[in-house]
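First up is the structure itself, then whatever we jot down about it.
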Amino acid sequence: MASCKLCGATPETAPFYTSVTSRCAACHKQAMQRRRAENLDGHRERDRMRYPREREKRLAAYAAYRQTPKGRAAAQRAKVRYEERHPEKRAAHIALGNALRDGRVMRPKACEQCGASGRLHGHHDDYTRPLDVRWLCVACHEGEHHSESEVQHEHPF
């Protein structure tokens, strides 16, 4: 009968992964977390290299899922949850959209930060002032929400 080489647990007393028979699942998980922490930079670099190769497949699969009834329902549930958690943000978004529609606010042609043209986002520094926005390109807007020290993650889809 196999037992964990670290804690002595057996398959009857603790779960084991089918591919790892020398350690129980809990000890294996701890070992993998310790290994990742010891070489965090290397693991992050490998993760960054892996994501671009898989990104198009993930995006295509997500787009196909979003076209299904189940995908549309999931997106609607996520939207409702966001609106419930962030009513002040949602109110600011609606107020800005209405002002754009009515012509009270004009969207500029270039990003205020880098000067790039194209699609611009209205970035709220203060949601209590919904019409006071900075117009930023997608890249600059993302930069406003993520500091350079944080690990930049792809969208999980």
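Nothing in this text is a laboratory measurement; each read-out follows from the coordinates by a stated rule. Predicted model, so just to flag it, every value in this text is computed and none were measured. Don't worry about glycine lacking a Cβ; one is built from the backbone with ideal geometry, like all the others, and counts go over all protein chains shown.
Mind checking which of His43, Leu59, Ala92 is farthest towards the positive end of the chain's charge dipole, using Cβ charges of +1 (Lys, Arg) and -1 (Asp, Glu) about the Cα centre? Farthest towards the positive pole: Leu59.
Would you mind getting me the FRET efficiency between Glu112 and Ala78? Use the beta-carbon distance for r and R0 = 35 Å, nearest 0.05.
Numbers: r = 30 Å, r/R0 = 0.85.
For R0 = 35 Å, the calculated efficiency reads 0.75.
From helices alone, the chain scores -17500 deg cm²/dmol at 222 nm; the rule is -39500 (n - 2.57) for each run of n ≥ 4 DSSP H residues, then divide by the residue total. With contacts taken as Cα pairs under 8 Å at a separation of at least 6 residues, the chain carries a relative contact order of 13 percent.
Considering only the other residues whose Cβ falls under 13 Å of the Cβ of Gly97, what net charge follows from Lys and Arg at +1 and Asp and Glu at -1? Don't skip to the answer; put the middle values down first.
Details: positive: Lys89, Arg90, Arg101, Arg104, Arg107; negative: Asp102.
Here the charged neighbours net out to +4.
Among Ser19, Ser3, Ser117, which comes first, second and so on when ranked by fewest other beta-carbon atoms within 10 Å?
Numbers: Ser19 6, Ser3 18, Ser117 10.
Fewest-to-most ranking of Ser19, Ser3, Ser117: Ser19, Ser117, Ser3.
Shape index of region 26-104: Rg/Rh, with Rg the Cα radius of gyration and Rh the Kirkwood radius from the inverse mean 1/r over Cα pairs, equals 1.21.
Full extension of the chain segment joining Arg55 with Val138 gains 28.0 nm, where the gain is 0.36 nm per residue of separation less the Cα-Cα distance.
P(r) tail for the chain: Cα pairs beyond 18 Å make up 77% of the total. Simple point charges give the picture: +1 on the Cβ of Lys and Arg, -1 on the Cβ of Asp and Glu, and for the chain a dipole about the Cα centre of about 700 debye.
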